[in-house]
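For reference, the structure is listed below as structure tokens.
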Amino acid sequence: MTTAPVTLRDLTAQVRSGELANDALVKSAVDQIEHRNGTLNALVCSRGADALAEAAALDGTGRPLAGIPFTVKDMLATADLPTTCGSKTLEDWSAGTDATAVARMRAAGAILMGKSNCPEFALGVDTINELFGRTSNPLGEWTPGGSSGGEAAAIASGMSLVGLGSDYGGSIRWPAQCAGLVGLRPTVGRVPRSGSSQPFPAPIR
């Protein structure tokens, strides 16, 4: 006998109904970040207490991703975290605004946990750069792939439930395969590119 997988829709329904506390999923993600990111180096920065406070304050008005923790590849702009593209030339640079895809996730009730590692300017099939170092695969000693390898490692280790990466030639699909996940590269134009340093921001889960 097999058990049907729990979907994001199931989890948000549980948050909206009160079966799960508003901040329950975010607390779990924060715990995994604290215990696993030091070894995996999947996230290059995180929101921690701010994410918990944001989740606790959710109004439960039926937003489709209410209480879902998500992460963002460090190629997409975020208002409250640096966007370095894995490069020393952009160390600590902040866009001061969210990329459209990030803003839409937040508007839907998802809680931003942090930014995920990537090769410099997303140019590479492994996730390593001089600014933050290498990301490890939580499933074993092989590569987490690239260029969205930090995103795949974060989700596979429970630091996030869904994430935004970018994909031009397999940069979501290859890391997803390496980490046993599903990665989607949407049809060109389906997801706005504004605020992204590489084409096609898209989800991994």
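The values are calculated or read from the model by the stated rules, or taken from the named source; none is laboratory data. Treat the numbers as computed from the prediction; the structure is a model and nothing was measured. Note that each Cβ is placed from the backbone with ideal geometry, even for glycine, and that neighbours are counted across all protein chains shown. Accessible surface is based on the protein model in full, side chains and every heavy atom, while ligands, DNA and RNA are left aside. Shrake-Rupley method; radii C 1.70, N 1.55, O 1.52, S 1.80 Å.
Pairs of alpha-carbon atoms within less than 8 angstrom and 6+ residues apart define the contacts here; what relative contact order does the range 46-185 have, in percent? Present the calculation step by step, with values, prior to reporting the outcome.
On the way: 313 pairs, mean separation 32.2, N = 140.
Taking the mean separation of contacting Cα pairs over the length of the range 46-185, I get 23 percent.
Give the label of the value calculated from the structure for percent of Cα pairs over 32 Å apart, choosing from (i) 15; (ii) 22; (iii) 9. The calculated read-out lines up with (iii). Near residue 115: Cβ cut-off under 11 Å, other residues only, Lys/Arg at +1 and Asp/Glu at -1. The net charge is -1. In the context of the full protein assembly, residue 92 retains an accessible surface of approximately 120 Å², using a probe radius of 1.4 Å and ignoring ligands and nucleic acids. Ignoring ligands, DNA and RNA, what percent of the accessible area of the chain is carbon or sulfur (1.4 Å)? C and S fraction of accessible area: 54 percent. Here the Gaussian network model covers the chain, with springs between Cα atoms less than 10 Å apart; of 105, 159, 75, 105 fluctuates the most.
How much area per residue is accessible in the chain when the probe is 1.4 Å and only protein heavy atoms are counted (Å²)?
Values: 9360 Å² over 205 residues.
Per residue, the chain has 46 Å² of solvent-accessible surface.
Summing +1 for each Lys or Arg and -1 for each Asp or Glu among the other residues whose beta-carbon sits under 10 angstrom from that of residue 90 gives -3. Just 83, 100, 39 to compare: in a GNM of the chain, with alpha carbon springs under 10 Å, which one fluctuates most? In the Gaussian network model the winner is 39. Where is the GNM fluctuation largest for the chain (alpha-carbon springs, 10 angstrom cutoff): 124, 163, 96? Taking springs between Cα atoms under 10 Å, the residue moving most is 96.
Counting only Cβ charges, +1 for Lys and Arg and -1 for Asp and Glu, the dipole size of the chain around its Cα centre is about 620 debye.
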